[in-house]
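Engineer: First the structure, which I've put down as structure tokens, then a few questions once you've had a look.
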Amino acid sequence: MKYPETKEILNQLVADLTQLHMVVHQHHWYMRGNRFIKLHPYLDKVMDELANQLDEVSERLITLDGSPVSTLSEIAEKTNIKDEKGNWDETIDERYAKIIAGYHYLDDLYREGIKASDEEGDYATNDLLTGFLAEVEKRIWMMSGEINKAPEIDPE
């Protein structure tokens with residue numbers, strides 16, 4: 001089997017991108033506050049970006065003869081992003097902090113995928129993941145700035 005570690009990480013990304021999309025969608029629905037009018041449509045763009053990454057990662061996995069997880073039960077079993085019931089009691093800053101935490105997790109997972117794909121010689125996947133890592137880091141920076149925090153993306 002060619003690229004086994006890369007394929008495993010791609011499938012992990014499928015699960016986690018799906019879950020983070022749902023987390024963002026939940027906060028998009030449950031958001032209230034004085035910045036709602038500005039931030040509600042912003043989260044539409046965030047969801048579009050996650051959906052694009054999900055589609056590209058899934059298609060790359062299929063290109064490598066892999067099989068992406070594709071059911072809710074598979075996603076729930078595989079994801080490492082926390083699931084919470086929606087509520088009206090969180091501030092916008094608290095909601096953004098949870099989304100940013102999910103993005104930090106993706107940042108680490110994309111880095112793992114970049115390393116694995118490089119070691120396995122899968123340079124097309126490496127290029128794809130490198131581009132998505134840049135998108136994730138920019139999103140962390142922008143969302144962190146909205147809640148008056150530093151992006152904290154400098155890897156150790």
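The values are calculated or read from the model by the stated rules, or taken from the named source; none is laboratory data. Computed from a prediction, not measured in an experiment: that's the story for all the values here. When we count neighbours, we look across all protein chains shown, and the Cβ atoms used for this are built from the backbone with ideal geometry, even at glycine. Just the protein is used for accessible areas: all its heavy atoms, side chains included, with ligands, DNA and RNA removed. Shrake-Rupley method; radii C 1.70, N 1.55, O 1.52, S 1.80 Å.
Engineer: Counting only protein heavy atoms and a 1.4 Å probe, tell me what percentage of the range 77-156's accessible area is made up of carbon and sulfur.
Structural biologist: On the way: 2240 of 4660 Å².
Within the range 77-156, the accessible surface is 48 percent carbon and sulfur.
Engineer: Counting helices only, and only those DSSP H runs with n ≥ 4, report the 222 nm mean residue ellipticity of the chain as the sum of -39,500 (n - 2.57) divided by its residues, in deg cm²/dmol to the nearest 500.
Structural biologist: Calculated at 222 nm, the ellipticity per residue is -25500 deg cm²/dmol.
Engineer: So what are the ³J(HN,Hα) numbers for the range 42-49, from phi and the Karplus equation (6.51, -1.76, 1.60; θ = phi - 60°), rounded to whole Hz, Gly and Pro as x?
Structural biologist: 4, 5, 4, 5, 4, 5, 4, 5
Engineer: Let me ask something additional. In whole angstrom, how far apart do the alpha carbon centroids of the range 1-64 and the range 92-156 sit?
Structural biologist: Each part's Cα centre sits 12 Å from the other's.
Engineer: Sticking with this structure for a sec: Over the range 8-156, give the accessible area per residue in Å² for a 1.4 Å probe, as an integer. Could the numbers behind the result be given before it?
Structural biologist: Numbers: 8130 Å² over 149 residues.
I get 55 Å² per residue for this part.
Engineer: Using only alpha carbon pairs under 8 Å that are at least six residues apart, calculate the relative contact order of the chain and give it in whole percent.
Structural biologist: 31
Engineer: Among 57-64, 99-106, how do they line up from the highest to the lowest mean number of other beta-carbon atoms within 10 Å?
Structural biologist: Ranking the peptides 57-64, 99-106 by packing returns 99-106, 57-64.
Engineer: What are the ³J(HN,Hα) couplings of the range 83-91, residue after residue, when phi is run through the Karplus curve with 6.51, -1.76, 1.60 and θ = phi - 60°? Round to Hz, x for glycine and proline.
Structural biologist: Calculated HN-Hα couplings, in order: 9, 9, 5, x, 8, 9, 8, 9, 6 Hz.
Engineer: Does anyone have the angle between helix 4-30 and the longest principal axis of the chain? Alpha-carbon axes, 0 to 90°, nearest 10?
Structural biologist: In the chain, helix 4-30 runs at an angle near 10 degrees to the longest axis.
Engineer: Which of (1) -0.36, -0.82; (2) -0.23, -0.77; (3) -0.28, -0.83 is the computed log10 I(q)/I(0) by the Debye sum over Cα atoms at q = 0.08, 0.15 Å⁻¹ for the structure on display?
Structural biologist: (2)
Engineer: A further question follows. Mind counting lysine pairs for me in the chain? Cα separation below 23 Å, and the two need to be 8 or more apart along the chain or on different chains.
Structural biologist: Step by step, the pairs that qualify in the chain add up to 23.
Engineer: Still on this structure, I have one more. If you fit an axis through the alpha-carbon atoms of helix 92-119 and take the longest principal axis of the Cα set of the chain, what angle between them do you get, 0 to 90°, nearest 10?
Structural biologist: For 92-119 against the chain, the angle is about 10 degrees.
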